[in-house]
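Here's the structure, in structure tokens; my notes come after.
The values are calculated or read from the model by the stated rules, or taken from the named source; none is laboratory data. Please read all numbers here as calculations on a predicted model, not as lab measurements. Positions of Cβ are backbone-derived with ideal geometry, glycine not excepted, and every protein chain shown enters the neighbour counts. Surface accessibility is based on the protein's heavy atoms, side chains included, excluding ligands, DNA and RNA. Shrake-Rupley method; radii C 1.70, N 1.55, O 1.52, S 1.80 Å.
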Amino acid sequence: MGGSPSCQIPAANMKGPVAEMVKEKINTNCVVIFSKTYCPYCKIAKKEFGKLGIPYEVYELDKHSEGSEVQDVLDVMTGARTVPRVFVGGKCIGGGTETTQLSKSGKLLDMVKRCQEAST
């Protein structure tokens, strides 16, 4: 009993202005967090960067009218629509749990340092 094609969610427009904005944010910032202000996992991710004193760009999806479309773009790019979607050096490292694990292992700081050195 498969779903009919009309029930499938259309893929995000990866050439549209929202996709271009997402790509631009990822490519021009060492750390970008796509977040929602009320999400506990988003708060965890932001807290980890704060503890390490690492500056980051945050895009709060619930504060922008195109937030749902941004999530669609992130789904195509990363295979997940959930937030947070955390990018370091242009690469998605996952969400709050993965950010915490990388922080505890020391790898998060190393990744950010490499990105910062590459952009100078």
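For the chain, what is Rg from Cα atoms divided by 2.2 N^0.38 Å, rounded to two decimals?
1.12
Whenever you get a sec, compute what percent of the accessible area on the chain sits on carbon and sulfur atoms (1.4 Å probe).
The C+S portion of the solvent-accessible surface of the chain is 53 percent.
Please express the Cα-Cα pair-distance distribution P(r) of the stretch 63-120 as a list of whole percents, one per 5 Å bin, running from 0 to the bin with the greatest distance.
Pair shares across the bins are 4, 18, 23, 20, 17, 13, 6, 0.
Please give the Cα centre distance for the stretch 34-49 versus the stretch 55-120, rounded to the nearest Å.
For the stretch 34-49 versus the stretch 55-120, the Cα centre distance is 10 Å.
If packing is taken as the average number of other Cβ atoms within 10 Å across a peptide's residues, how do 41-47, 64-70 rank, most packed first?
Highest-to-lowest ranking by the protection proxy: 41-47, 64-70.
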